[in-house]
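J.: Sharing a structure here in structure tokens format.
The values are calculated or read from the model by the stated rules, or taken from the named source; none is laboratory data. Computed from a prediction, not measured in an experiment: that's the story for all the values here. Here Cβ is always computed from backbone atoms with ideal geometry, including for glycine, and neighbour counts include all displayed protein chains.
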Amino acid sequence: MENRTQTADLIKGVAVLLMIQVHIIELFATETVYNSPIGKVLLFLGGPAVAPAFMIVLGYFIALSKKTTHQLIIRGTKIIVLGMLLNLALNLNLIFSVYKGVLHVDVVPYVFGVDILQFAGISIIVLAIFKKVIEKSLVFVLVSILVSAFLGHFLLKFIPSNMYLKYISAFFYGSCWWSYFPFFPWFAYPLSGIVFYKITQLFDFNFLQKKILLIGCVCFVFLFFTIAYAISVSANLPLYYHHNIVFFLWVILFLAFYSYFISKINLFAGDFFLFKYLKWLGKNVTLIYVIQWILIGNTATEIYKTIDSPTYLLACFASVLLITSCVGYGMLWLKKWFNKTV
């Protein structure tokens, strides 16, 4: 169990690096860089291995958790509130610029943007409500996965004309540009994490160890010849945020292959400083996520899509990572110190 937890932290830690770089590319890089072949690859790197990985790990540990329905609902509600407060914090510079008349944009969609924290909170609440049936029926979970993955793209046909309904529906399906992580299709990922947990509890996969090389080679060949499709989806953000069931299935296969690879890295090199640092990032992913968004979001108001130098973009990435790590470490140290003194 310890190795599995560390593998999950390492997966999340690598995802943090990829997440920061994709936010830099999205908000700092010029359109020329953004639409270049290397830009598309960087967007892909910030796709399947990031948000889907976060959500699968979330589902796995909710299945493992002994928390009650009430406790999970409280947790989910807190995460939604944190997500809404983060919308304000990362857009403070934008809001002040509009207030002062420097910029002329509608700030409401930025304040009510549906990002991964809002989605995670809603998912936890829904999982809590259906906790008993999820625990008893693997079939129910599998059907729910397919329905969720299908509805995400299908519901795009039904866009409300009423503005209030648009803001509400944005939390559940991608009816607006500010709906980045709507409930459908993304709910399929935490459900997949639950399925993974259930399967590991029901079956012993040791018999696959002798065939793992063959299985790995087959997966690698398939992923290699279909990766152009995955890049085309990941590099088109509206399509990525509201992808269809085909892309979902590709991501699940990719993450199965990728997770096994990461688990082996953790097994043989998990004590190296770099991987210990990545696991620290993964263990504190929510704090790191909030800090990096506040930095990137407020900076983007000043330099939105103006950097065309790869060197400058790399410097931005390194700076955000360094500042985020230092601030995060300092906040955790202060929290630990405060708890000792109280």
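J.: Identify, from the list S175, S161, the residue that is more than 20 Å from the chain's Cα centre (by Cα) and outside any helix (DSSP H, G or I).
T.: Selected residue: S161, the only one of S175, S161 that is more than 20 Å from the chain's Cα centre (by Cα) and outside any helix (DSSP H, G or I).
J.: When the residues of the range 242-269 are filtered to those that are more than 16 Å from A53 (Cβ to Cβ) and buried (at least 18 other Cβ atoms within 10 Å of the Cβ), which remaining residue is farthest from the chain's Cα centre (by Cα)?
T.: I245
J.: Tell me yes or no: at least one residue of the range 308-315 is under 30 Å from L103 (Cβ atoms), surrounded by 17 or more Cβ atoms within 10 Å (Cβ to Cβ) and at pLDDT 95 or above.
T.: Among the residues of the range 308-315, at least one is under 30 Å from L103 (Cβ atoms), surrounded by 17 or more Cβ atoms within 10 Å (Cβ to Cβ) and at pLDDT 95 or above, which makes the answer yes.
J.: Can you name the residue in the range 197-210 that is assigned to a helix (DSSP H, G or I) and exposed (fewer than 10 other Cβ atoms within 10 Å of the Cβ) and is also modelled with the highest pLDDT among such residues?
T.: Step by step, filter the range 197-210, then rank; the result is Q201.
J.: Can we say Y173 is touching a helix residue (DSSP H, G or I) at 6+ places or on another chain (Cβ under 6 Å) and more than 19 Å from L18 (Cα to Cα)?
T.: Taking the combined requirement at face value, the residue satisfies it.
J.: Which residues, counting only those in the range 134-149, are without any contact (Cβ under 8 Å) to a residue 12 or more places away in the chain and among the hydrophobic types (A, V, I, L, M, F, W, C)?
T.: Correct list: V139, F140, V143, V147.
J.: Failed condition for T32, given (1) surrounded by fewer than 23 Cβ atoms within 10 Å (Cβ to Cβ); (2) at pLDDT 95 or above; (3) closer than 29 Å to A269 by Cα, with all others met?
T.: Condition not satisfied by T32: (3).
J.: Then there's this: So the check is Cβ under 7 Å with 6+ separation or different chains; which pairs have a first residue in the range 310-332 that's among the charged types (D, E, K, R) and a second one that's part of a helix (DSSP H, G or I)?
T.: none
J.: For the range 138-149, indicate whether the set of residues that are more than 19 Å from F247 (Cα to Cα) and either touching an Asp or Glu at 6+ places or on another chain (Cβ under 8 Å) or not in a helix (DSSP H, G or I) (or both) is non-empty.
T.: Scanning the range 138-149, I find no residue that is more than 19 Å from F247 (Cα to Cα) and either touching an Asp or Glu at 6+ places or on another chain (Cβ under 8 Å) or not in a helix (DSSP H, G or I) (or both), so the answer is no.
J.: If you take the residues of the range 316-342 that are surrounded by fewer than 11 Cβ atoms within 10 Å (Cβ to Cβ) and of a type in the set (K, R), which of them is modelled with the highest pLDDT?
T.: In this case the residue turns out to be K336.
J.: Moving on to the next point. Restricting the search to the range 87-108, which residues are closer than 16 Å to F171 by Cα and buried (at least 17 other Cβ atoms within 10 Å of the Cβ)?
T.: Here is the first cut: in the range 87-108, the ones closer than 16 Å to F171 by Cα are 87, 108.
The one that is closer than 16 Å to F171 by Cα and buried (at least 17 other Cβ atoms within 10 Å of the Cβ): N87.
J.: Next question, about the same structure. Would you mind telling me which numbered condition in (1) without any contact (Cβ under 8 Å) to a residue 60 or more places away in the chain; (2) farther than 16 Å from G47 by Cβ; (3) touching a helix residue (DSSP H, G or I) at 6+ places or on another chain (Cβ under 8 Å) I262 fails?
T.: All conditions are met except number (1).
J.: Follow-up question, since we're still on this one. Got a sec? Which of F112, F150, F130 is aromatic (F, W, Y) and buried (at least 17 other Cβ atoms within 10 Å of the Cβ)?
T.: F112
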